[in-house]
Every structure is written in C-alpha cells, then in structure tokens.
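Below: one structure, written as structure tokens.
The values are calculated or read from the model by the stated rules, or taken from the named source; none is laboratory data. Since this is a predicted model, take the numbers as computed values, not measurements. Neighbour counts run over all protein chains shown; Cβ positions are idealised from the backbone, glycine included. SASA here: full protein model, heavy atoms, side chains in, ligands and nucleic acids out. Shrake-Rupley method; radii C 1.70, N 1.55, O 1.52, S 1.80 Å.
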Amino acid sequence: MGLSPVISASSSTSAPDTRGADLHAGYSGSSDSHRLDPSPLRVSLTDVQKTFDVGRGRTVQALVDIDLDIAEGEFVALIGPSGCGKSTVLRLLAGLDTTSSGEVELFGSPPEELSRQHRLGVAFQEHALLPWASVSSNISLPYKVAGRSVDKNRVAELIKLVGLTGFEKALPKQLSGGMRQRVAIARALVLNPSLLLLDEPFGALDAVTRRRMNSELARIWSEERLTTLLVTHDVDEALILADRVVVMSGRPGKIHHVEKVDLPRPRDTSVTRTPAFHELVDKLTGMLDGAGEDS
Amino acid sequence: MSAPTIPGTPAPHTATGGSRTHAGTTSGRVRSTLIWVGTNVLHLWPLALVVLVWDLWIVLNNYTALVAARPWDAFADILTHPGEYLYDTWFTMMMSVGGLLLGTVVGSLCAILVWWSAALSGIVTPAALIMRSVPISALIPIIARIFGYESDSTVFVCIVIICFFPSFVFVLSGLVSIPAAGRDLFTVLGAGKAQVLMRLGLLHSVPNLMISVRITAPIAVMAAILAEYLIGNHGLGEMFSYARSYQQWDRAWGTAVIATVLSVAIFLSARWCERKVTDRVT
C-alpha cells in the first residue's frame with residue numbers, strides 16, 4: 001500500500017521539535033512545512049479547537065490548534081497524560097463529537113460520511129461486545145448493520161488472525177479480558193475499514209497480557225496495513241506499534257511533539273531491548289512527565 | 001499462543017470419564033435439584049406462617065365453621081372436590097398469564113414509542129401515568145361499561161391495564177440506559193435508530209423486562225381475581241363470590257388457598273424465566 005510521500009504534524013506550541021527538520025527526516029517535505037501535500041488519501045485535523053460546555057455558562061477548552069495528518073497505511077500513536085484530550089481527538093475522527101472550530105477530514109470526507117459508508121473500524125477500552133451474541137456473531141455485527149450478507153470466510157479468517165479458533169460460539173462472558181479485546185479488534189477489522197481507531201484497547205489488561213496483545217496487534221497490522229490511530233498512555237506500546245508517536249500535553253490539549261519511529265519491524269524483544277528503544281522510551285516519558293506537570 | 005479455557009464449556013478433545021463420570025454427573029444433578037427444591041421450599045415459609053396464623057385466629061377466637069373455615073377444612077374441600085376447582089383455576093391462570101403477556105407487550109411498545117420520539121413521549125407518558133394513578137377498582141365500572149358487564153373481555157382488559165405499567169417503566173429504563181460504549185459503536189458502524197433499537201436496545205432491555213414480568217406476575221393474578229369477583233362469570237374470583245354468597249366457607253377459603261398457590265406458582269415461574277433469560281443475555 002503506497003504511503004503518501006509527505007507526512008507531518010504540528011501544533012501551535014513553539015516547541016522546536018514539533019517543527020524541526022528531524023521530525024520530518026526521511027520525508028520530502030521542507031522543515032517549515034507542517035502539512036501534507038494536498039491529497040485526498042489521508043486523515044487530517046486542521047486547526048481543530050474543541051470546547052466543552054460544563055454548565056452554568058462555563059466552558060472548558062479541551063483542544064487547541066490541533067493540526068495532524070495521517071497518511072494512508074500509516075500507524076500513528078497518540079500519547080499524553082490523562083485528560084489531555086487524546087480520546088477527544090479520536091472521538092472527533094470517529095464522528096462521535098464535533099469540533100468547535102477547525103476541520104476534520106477522512107480521505108476527503110467528513111467522519112460521518114465514512115461511518116455511513118461503513119468504512120470506520122473502532123475498538124474502545126470498553127470492548128462493547130454484545131453479551132448475548134457469540135464471538136462469530138459479534139465479529140459479524142458490522143456486516144449486519146451495513147445490511148450486507150455476512151462473509152463467513154472473512155469472519156473465520158479474522159477469528160484465526162486474532163487467535164480465537166475454537167471459540168467461535170463462545171459468549172463474551174466466557175472469555176478472558178484479552179480475548180474479548182481481540183474479538184473487539186476483529187470486529188473493527190471485519191469490513192476492511194479505511195481507518196482503524198483504537199482507544200486504549202488494552203488499557204484494562206494486566207502488563208503480561210497487554211504485552212502479548214501488543215505483539216498480536218503488530219502482527220495483525222502488518223498483515224492488514226490499515227491506516228490506524230492508537231490512543232494510549234503507554235509509551236512502550238506506542239513505540240512497539242507506531243510509525244509516528246504524537247505526544248500531547250494538557251490542558252488545553254495540544255500537540256507537544258511528534259516522534260518518527262525508525263525502529264525495524266517486527267519490534268519484538270530483540271528491538272525493545274536495544275538502547276535505541278530505551279532512549280526513545282526515556283525521551284517520550286520525559287516529555288510526558290513535562291506535559292503532565294504543564295497540565 | 002495458549003488458548004484459555006472457557007469456564008463451563010467442555011474442552012473439545014477432553015476424553016470422557018466413562019460411567020463414573022456419568023454417574024457423578026447424574027448424582028450432581030440430583031443433588032443440585034434437591035438443593036434447588038429445598039431452597040425454594042424454605043423460601044415459602046411465609047405461606048406456612050399464614051396458615052398457622054389463620055388457624056390460631058380461628059382457635060383463639062373460638063370461631064365456628066359458620067364464621068370461617070379452618071385451614072384443614074379448606075384443604076379437605078380441595079382434595080375431595082378437585083374437579084370443582086379445576087376449571088376456574090385454569091380460567092384464572094389463563095386470564096392472568098394472557099393479561100400479563102399482553103400487558104407486557106403493550107407496556108414495552110409504549111416504552112419504545114417514548115424512547116423513539118419526544119413528541120410521542122408527550123402523548124404516551126401522561127396517559128400511562130393517568131392509567132397508573134387511577135385505582136383499578138375505580139376503572140372497572142368504566143371498562144365494564146365499554147366492554148360489557150359479566151364479560152370475560154372486561155376482566156382481561158383490567159389485567160392488561162394493571163400489568164402494562166411496570167413493563168413500560170422497566171423497558172423504558174433499559175432503553176435509556178444503553179451503555180455509552182455500545183451507542184458509540186453503533187454510531188461508528190453507521191447504524192440508524194431502528195438498528196440501535198433492534199440490535200442493541202431491545203436485547204439490552206430484556207433483563208429489565210424480565211424483572212417487570214416477575215414483579216407483575218402475582219399482581220396479574222390479584223387483578224384477575226378482583227375483576228372476576230366484581231364482574232366475572234368464571235374464575236376463582238367468581239367462585240369465591242359464589243361460595244361466600246351461599247356461606248360455603250370451606251369452598252370460599254379453599255378458593256383463597258388455590259388463588260394463593262396459583263399466585264406463588266406464577267411468581268416462581270416468572271422468577272425462573274427471569275433467571276434463565278437474564279443469564280442468556282448478560
């Protein structure tokens with residue numbers, strides 16, 4: 001799948017590394033360019049502001065000056081301290097919220113249009129599986145909602161992909177937390193979405209299961225190569241999975257830094273034990289600490 | 001990757017344990033059945049207390065059989081004349097269960113209308129509240145005027161009116177409490193309101209619906225007997241009224257015993273259904 005030649009992200013903050021040439025290393029854009037070349041094949045947030053009304057005439061500024069482009073086939077991770085607006089960004093992309101100002105475009109259309117075309121895949125921290133439906137039925141749900149006949153081969157292929165062969169008829173309550181999340185991810189993938197949005201899908205899992213799920217998601221992504229945005233607060237997870245890591249600071253939420261991850265794939269223990277990986281972890285963790293203190 | 005086991009689900013390749021396993025399973029089932037029966041019988045202690053208080057009330061007041069029947073006399077009448085009770089018990093049971101089911105359907109439909117549209121909510125909700133606020137004994141003459149005195153339809157309509165409100169409230173509560181994650185998921189999947197209702201809302205509301213059925217079941221029997229007593233041609237209520245008129249106290253109190261047993265049986269059946277259904281959909 002062809003990547004768009006230029007990828008960039010920026011914020012209104014004056015942090016030098018959000019606009020520096022190192023951010024765009026390997027890309028053809030100039031260091032002072034903060035946007036992709038015009039192309040419909042991308043996901044973009046342009047000068048997005050989001051304000052929430054909290055009652056009695058008071059408002060909270062959740063996001064300011066968010067500019068972010070994601071190229072087709074790219075995996076971007078969004079990290080930041082709690083309450084910095086990561087999930088708000090994802091909800092804007094999913095069409096679950098609207099911007100106060102600015103523009104959100106998914107491949108040239110507004111998010112609602114992509115939903116209507118059944119081209120969005122989402123997995124939330126809460127798996128949102130239908131408790132009365134089996135694994136197969138849950139994964140088939142997007143077909144039914146879209147009014148299409150269920151492609152049983154595709155469902156079987158995804159069940160195999162997420163390692164749940166033999167559990168096709170199991171109900172969600174009969175599965176472990178990790179297995180439920182894998183079902184949710186398979187459901188998000190089943191219609192070959194143009195954009196996959198993952199909102200801390202492994203947030204409720206223990207460290208060991210989470211690590212295993214990360215490597216499984218990396219494997220699945222390498223096979224499907226979907227344009228993906230992952231919201232997480234786990235730096236390791238972001239670095240294992242993403243092509244770029246966007247660091248947000250709060251409040252109000254803004255893009256603080258964008259890190260291009262040049263580590264080779266697959267990023268198994270041979271990569272995660274390298275000094276380069278640890279340097280990146282330390283660097284981004286330090287930024288998160290700073291962002292947390294700022295907020 | 002290791003495949004975690006599903007609790008309560010046999011592993012596909014597990015060898016069976018032969019006759020010992022089978023015997024163990026059977027004895028386990030018998031034991032669990034006995035525990036279930038024992039537990040439910042123990043739960044019936046209030047009925048035993050009622051019988052005891054009933055007998056004490058008669059004995060301590062020195063009431064004769066012309067005033068009230070003792071429990072044993074009522075039981076004896078039931079055991080010696082079961083045929084006299086059979087039809088009316090069957091009639092009251094069918095009216096109660098039918099009214100309960102139709103009332104539940106009507107209440108659920110009203111809840112769906114209210115959930116679907118604010119405009120319909122403005123019409124349906126006040127009507128439902130008025131129906132609930134007026135005592136059924138005050139409504140019966142009006143219903144009888146419409147559907148006819150001494151009509152089984154009138155009895156049935158009374159039961160439906162009594163039964164519809166709990167299901168209306170409970171189903172509506174289920175529909176408005178659809179989890180945010182589920183709602184978000186359906187929005188992202190591009191589902192319309194009808195899809196949200198059919199694929200998420202209704203099934204999410206099933207546990208609430210079953211709670212309403214459980215709490216309404218004994219009330220349905222009470223409504224049936226009251227309506228039969230006041231305007232009915234058949235059923236335990238009419239039987240009680242007839243026996244009382246002719247001072248057949250054994251029969252009258254026997255009718256009350258049967259009505260109590262019927263009410264408890266319908267309640268226990270509804271509770272069993274609630275557990276089974278809720279376990280399946282949650």
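Using all Cα-Cα distances in region A:156-295, what percent lands in each 5 angstrom bin from 0 up to the longest?
Whole-percent P(r) values from 0 Å outward: 2, 9, 19, 20, 19, 15, 9, 5, 3, 0.
Over all distinct alpha-carbon pairs, what is the Kirkwood Rh of region A:82-125 in angstrom? Mind dumping the intermediate values first?
Values: mean 1/r = 0.0902 Å⁻¹.
With all distinct Cα pairs of region A:82-125 included, I get 11.1 Å.
Give the interface area between chains A and B as buried accessible surface, both sides summed, probe 1.4 Å, in Å² to the nearest 100.
Details: alone 13100 and 16940 Å², together 27570 Å².
Adding both sides of the contact gives about 2500 Å².
Could you pull out the pairs from A:K169/B:K193; A:K152/A:K173; A:K50/A:K283; A:K144/A:K173 whose alpha carbons sit more than 30 Å apart here?
Details: A:K169/B:K193 28 Å; A:K152/A:K173 23 Å; A:K50/A:K283 28 Å; A:K144/A:K173 22 Å.
Checking Cα-Cα distances, every pair stays at or under 30 Å.
For a quick check: with amide H placed at 1.01 Å from N, whose amide H comes under 5 Å from A:V261's, ignoring anything fewer than 5 positions away on the same chain?
A:R244, A:V245
Please go through region A:48-96 and write out the trypsin sites (Lys or Arg not before Pro) that DSSP classes as loop and that have at most 15 other C-beta atoms within 10 Å. Don't skip to the end; give the middle numbers.
Numbers: sites: A:K50, A:R56, A:R58, A:K86, A:R91; in loops: A:R56.
Taking region A:48-96 and a limit of 15 other Cβ atoms within 10 Å, the loop trypsin sites (Lys or Arg not before Pro) found are A:R56.
Quick one: net charge around B:W272, please, counting Lys, Arg +1 and Asp, Glu -1 for every other residue with C-beta under 14 Å from its C-beta. Write down the numbers at each step before the final one.
Details: positive: B:R214, B:R271, B:R275, B:K276, B:R280; negative: B:E274, B:D279.
After counting each charged neighbour, the total is +3.
Heavy atoms only, probe 1.4 Å: what % of the accessible area of the protein assembly as shown goes to carbon and sulfur, would you let me know?
On the way: 16810 of 27570 Å².
Answer for the protein assembly as shown: carbon and sulfur cover 61 percent of the accessible area.
When all C-alpha to C-alpha distances in region A:172-220 are sorted into bins of 5 Å, what percent of pairs does each bin hold, rounded to whole numbers?
5, 20, 32, 26, 13, 5, 0
Indicate the gyration tensor shape class of region A:115-236 (rounded, prolate or oblate), computed on the Cα atoms with a ≥ b ≥ c the square roots of the eigenvalues: a/c under 1.5 is rounded; otherwise a/b larger than b/c is prolate and the rest oblate. Intermediate values should be presented prior to the final figure.
Values: a/c = 1.60, a/b = 1.20, b/c = 1.33.
Here region A:115-236 falls in the oblate category.
Any idea what log10 I(q)/I(0) is at q = 0.10, 0.14 Å⁻¹ for region B:42-281, Debye with uniform C-alpha scatterers and no solvent?
Each listed q corresponds, in turn, to -0.58, -0.95.
I want the local charge near A:P110. Using Cβ-Cβ distances under 11 Å, sum +1 for each Lys or Arg and -1 for each Asp or Glu among the other residues.
Numbers: positive: A:R116; negative: A:E103, A:E105, A:E112, A:E113.
Its environment carries a net charge of -3.
Work out how much length B:T25 to B:V41 would gain on full extension: take 0.36 nm times their residue separation and subtract the Cα-Cα distance, in nm to one decimal. Don't skip to the end; give the middle numbers.
On the way: separation 16, 0.36 × 16 = 5.76 nm, distance 2.39 nm.
Full extension from B:T25 to B:V41 adds 3.4 nm.
Could you state the per residue volume, in Å³, of the convex hull enclosing the Cα atoms of the protein assembly as shown?
Values: hull volume 131.0 nm³, N = 577.
Measuring per residue, one finds 227 Å³ for the Cα hull of the protein assembly as shown.
Enter the accessible area per residue of the protein assembly as shown (Å², integer; probe 1.4 Å; all protein chains in place). Please list the in-between numbers first.
Values: 27570 Å² over 577 residues.
Ligands and nucleic acids excluded, the result is 48 Å² per residue.
Using a loss threshold of 50 Å², tell me which positions in region A:158-205 are less accessible in the complex than in their chain alone. Probe radius 1.4 Å, ligands and nucleic acids ignored.
Relative to the lone chain, where solvent access is computed with a 1.4 Å probe, region A:158-205 loses at least 50 Å² at A:F167, A:K173, A:Q174.
What angle do you read, to the nearest 10 degrees and between 0 and 90, between the alpha-carbon axis of helix B:82-116 and the longest principal axis of chain B?
That helix lies at roughly 40 degrees to the long axis.
How large is ³J(HN,Hα), in whole Hz, for each residue of region B:180-190 in order, when computed from phi with the Karplus curve 6.51 cos²θ - 1.76 cosθ + 1.60 and θ = phi - 60°, using x for Gly and Pro?
4, 5, x, 4, 4, 4, 5, 5, 5, 6, x
As an exercise, identify the trypsin sites (Lys or Arg not before Pro) in region A:173-260 lying in DSSP coil whose Cβ has no more than 16 other Cβ atoms within 10 Å. Walk me through the numbers on the way to the answer.
Details: sites: A:K173, A:R180, A:R182, A:R187, A:R210, A:R211, A:R212, A:R219, A:R225, A:R244, A:K254, A:K260; in loops: A:R225.
For trypsin sites (Lys or Arg not before Pro) across region A:173-260 that sit outside H, G, I, E and B with at most 16 neighbouring Cβ atoms in 10 Å, the list reads A:R225.
By the scheme Lys and Arg +1, Asp and Glu -1, what is the net charge of all other residues having a beta-carbon under 14 Å from that of B:A181? Kindly include the intermediate steps, with their values, before the conclusion.
Details: positive: A:R91, A:R180, A:R187, B:R183; negative: A:E126, A:D199, A:E200, B:D184.
Neighbour charge sum, excluding B:A181 itself: 0.
Taking loop as defined by DSSP and a crowding limit of 13 other beta carbons within 10 Å, which chymotrypsin sites (Phe, Trp or Tyr not before Pro) in region A:156-262 fit?
none
Which percentage, to the nearest 5, of the DSSP beta bridges contained in the protein assembly as shown is antiparallel? Before the final figure, lay out the partial values.
Numbers: 25 of 43 bridges.
Antiparallel bridges make up about 60 percent of those DSSP assigns within the protein assembly as shown.
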